[in-house]
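Accompanying notes for the structure given below.
The values are calculated or read from the model by the stated rules, or taken from the named source; none is laboratory data. Being a predicted model, the structure only gives us computed values, none of them experimental. Every residue, glycine as well, gets a Cβ built from its backbone with ideal geometry; the counts of neighbours run over all protein chains shown. Quick note on the areas: whole protein, heavy atoms, side chains included, nothing else; ligands and nucleic acids left out. Shrake-Rupley method; radii C 1.70, N 1.55, O 1.52, S 1.80 Å.
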Amino acid sequence: MLCHRLRVYKQNIEISSKNKTLSLLSRLYEISVLTLNSVELAKRISQIIQSELNFEFVGILSFDSNANKIEPLAFSVSERVRDTASKNNFNFDSHPIHSDLFVKKFLSNREIVNELQLSDIWDEVSEKFISDLVIEAHIKSCIALPLRVEKGTAGVLIVGLNRHYSDLIGHEKESIGSFINVIAVALDKAWLYEKLRVTNEQLEVSNDRLTELDRQKTEFVSFASHQLRSPLTSIKGYASLILEGDYGEITDDLKKAAQIIFDSSKTLATVVDDYLNVSRIELGQMKYEFAQIDLKALVQTVIDEQKPNVEKAGLKLNFNAESGSYAVNADKEKLKQVISNIIDNSVKYTPMGEITVGVKNVKNNVQVSVTDTGIGIPKDVIPKLFAKFSRAKDANKTNIRGTGLGLFIAKEIVTAHEGKIWVESDGEGKGSQFYIEIAQAKE
Ligand code: ADP
């Protein structure tokens with residue numbers, strides 16, 4: 001009877017102790033989820049294990065595999081251990097650990113080390129402190145448990161007991177074993193998070209630096225383009241005056257040379273203007289002046305201006321527009337630049353045939369289309385065509401000069417008008433159709 005009661009009593013103790021272990025485990029999980037700072041995490045974990053299990057001290061040591069060094073991360077101690085330490089001027093949080101010994105003896109160990117000597121733990125520790133820990137703080141044994149994670153050993157948990165390790169009952173040993181995994185994973189996660197945070201901070205710094213460099217580059221391009229503009233205008237102007245005979249009759253050879261100077265400076269002026277526009281876009285300095293305009297009339301102006309250019313290239317230019325109202329709210333000069341650029345491109349990329357420009361109303365928009373019988377655009381290139389510096393491979397093959405900026409600028413301008421710009425082509429050699437749509441102005 002007595003024997004039976006004793007067994008039941010023992011079982012009860014074991015069940016309640018297992019409950020305690022489970023509730024402790026769930027608290028450790030909770031802490032590990034909520035705490036991201038590794039030192040804070042180690043502090044909270046060591047505190048809870050030390051106080052709940054009545055250990056004399058619990059220390060969490062971290063292992064730096066690069067330096068092969070063990071360092072104290074957090075220590076929680078009982079009151080009597082604290083008193084003993086303060087009497088001996090000993091600081092658990094900063095006193096160096098006997099790294100060599102730990103690395104050699106305990107880190108390679110997968111299992112618990114249950115005969116750890118107090119004097120083995122710290123470097124240059126006084127004998128008096130060790131003996132005070134034994135006599136006054138009642139430390140009878142120490143254990144060390146490696147904190148193992150996937151990549152190896154992250155650190156060590158050391159525990160000072162007021163009993164011998166062999167006096168711990170079975171499930172007490174088991175629960176220490178189960179805590180160890182939770183602690184290891186929690187610390188590993190915290191370290192990973194800290195590393196990520198540092199990397200993120202470095203990335204942010206690099207990103208700021210790159211943004212600043214990019215801004216400086218854009219400012220430089222803008223400055224340089226401005227500086228180039230006026231001498232270019234003079235070169236173009238004087239070449240034109242020479243060609244027009246303002247300086248008297250010139251020989252055919254001189255005429256040829258003046259024509260080359262004029263054409264080249266014109267091309268260069270277009271490039272400079274493209275760069276200036278891109279810098280304005282990137283610096284957010286593109287200014288628009290909106291007013292109600294007739295889009296058909298604007299297209300007609302561009303056609304009149306471009307006609308000699310188209311004819312010189314041996315191409316036919318058609319213009320289809322039904323009579324009607326084509327009023328839109330737009331920045332006239334900017335939109336003119338877009339339409340000119342698209343017609344100009346059609347001339348550049350159409351070796352023979354014709355260019356047809358159309359204006360019509362589609363739903364509530366005015367649509368301008370430019371169709372050519374030129375080299376066409378491969379399907380896979382179409383989605384990238386409006387990006388900065390984007391040129392189809394063929395564009396280079398044909399030796400046609402260009403910056404790959406015109407359509408990028410066009411898209412920015414049309415987007416600022418809340419309009420749409422797109423291109424369709426059946427592929428290489430099959431011509432292209434460019435479309436722009438701008439909302440009709442409300443009466
Ligand atoms: P680029 O200065 O090179 O002409 P754009 O931005 O104006 O720059 O045009 C980008 C690229 O789109 C061109 O290099 C060319 O490959 C292609 N492209 C533009 N218009 C046409 C067209 N009408 N036919 C065929 N390809 C074109």
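Sorting 420-428, 76-84 by their mean Cβ neighbour count within 10 Å, with the most densely packed peptide first, gives 76-84, 420-428. If I build a Gaussian network model for the chain, linking alpha-carbon pairs within less than 10 angstrom, which residue out of E194, E219, E124 has the largest mean-square fluctuation? Maximum among the listed residues: E124.
Think of each Lys and Arg Cβ as +1 and each Asp and Glu Cβ as -1; about the Cα centre, that makes the dipole of region 75-127 roughly 120 debye.
Between helix 295-312 and the chain there is an angle of about 70 degrees, using the helix long axis and the longest principal axis of the Cα atoms. Solvent exposure of the chain, expressed per residue, is 58 Å² of accessible area, with all protein chains present and a 1.4 angstrom probe.
For a paramagnetic label modelled on R197 (point 7 Å from Cα along Cα→Cβ), amide N atoms under 19 Å away belong, within region 12-37, to 30-37. Could you tell me what % of all Cα pairs in region 216-257 have separations over 14 Å? In whole percent, the share of Cα-Cα pairs in region 216-257 beyond 14 Å is 60. Checking the cross-link pairs K20/K104; K316/K430; K43/K140; K384/K430; K287/K360; K332/K420 against a 26 Å limit on the alpha carbon distance flags K20/K104; K287/K360 as lying beyond it. The magnitude of the dipole of the chain, with charges of +1 and -1 set on the Cβ of Lys/Arg and Asp/Glu and taken from the Cα centre, is near 1000 debye. Ranking I45, S222, N277 by Cα position along the charge dipole of the chain, where only Lys, Arg, Asp and Glu carry charges on their C-beta atoms, puts I45 farthest toward the positive end. Label positions at I382 and W422, each projected 7 Å from the Cα along the C-beta direction, are separated by 0.8 nm. Along the axis of the charge dipole computed for the chain (Cβ charges of +1 for Lys and Arg, -1 for Asp and Glu, origin at the Cα centre), the listed residues T233, S175, T301 are led at the positive end by S175. Counting only protein heavy atoms and a probe of 1.4 Å, the accessible surface of region 340-443 is 50% carbon and sulfur. Roughly how many percent of the accessible protein surface of region 26-128 is carbon and sulfur, given a 1.4 Å probe and a whole-percent answer? It is 42 percent, rounded to a whole number. Output the 0 to 90 degree angle, nearest 10, between the alpha-carbon long axis of helix 332-348 and the longest principal axis computed from the alpha carbons of the chain. With both axes taken from Cα atoms, the answer is about 80 degrees.
Each label point was placed 7 Å from the Cα along the Cα-to-Cβ direction; for D214 and S65 their separation is 3.6 nm. Per-residue packing, averaged as other Cβ atoms within 10 Å, sorts the ranges 362-369, 94-101 into the order 362-369, 94-101, beginning with the highest. Approximating the spin labels as points 7 Å out from Cα along Cα→Cβ, the E322-to-N37 distance works out to 7.2 nm. The protection proxy used here, the mean number of other Cβ atoms lying within 10 Å of each residue, ranks peptides 239-247, 199-207 as follows, highest first: 239-247, 199-207.
Taken along its principal axes, the alpha carbon cloud of region 157-224 reaches lengths of 83, 18, 8 Å, longest axis first. The chymotrypsin sites (Phe, Trp or Tyr not before Pro) of region 338-421 that DSSP puts in a loop, and whose beta carbon has at most 15 other beta carbons within 10 Å, are F389.
Here the Debye sum runs over all C-alpha atoms of the chain as equal scatterers in vacuum, and log10 of I(q)/I(0) at q = 0.10 Å⁻¹ comes out as -0.77. Straight-line cross-link partners of K312 among the aspartates and glutamates, defined as a Cα under 17 Å from its Cα and at least 8 positions apart when in the same chain: D263, D304, D344, E354, D372.
Other residues with beta-carbon under 13 Å from the beta-carbon of P72 carry, at +1 per Lys or Arg and -1 per Asp or Glu, a net charge of -2.
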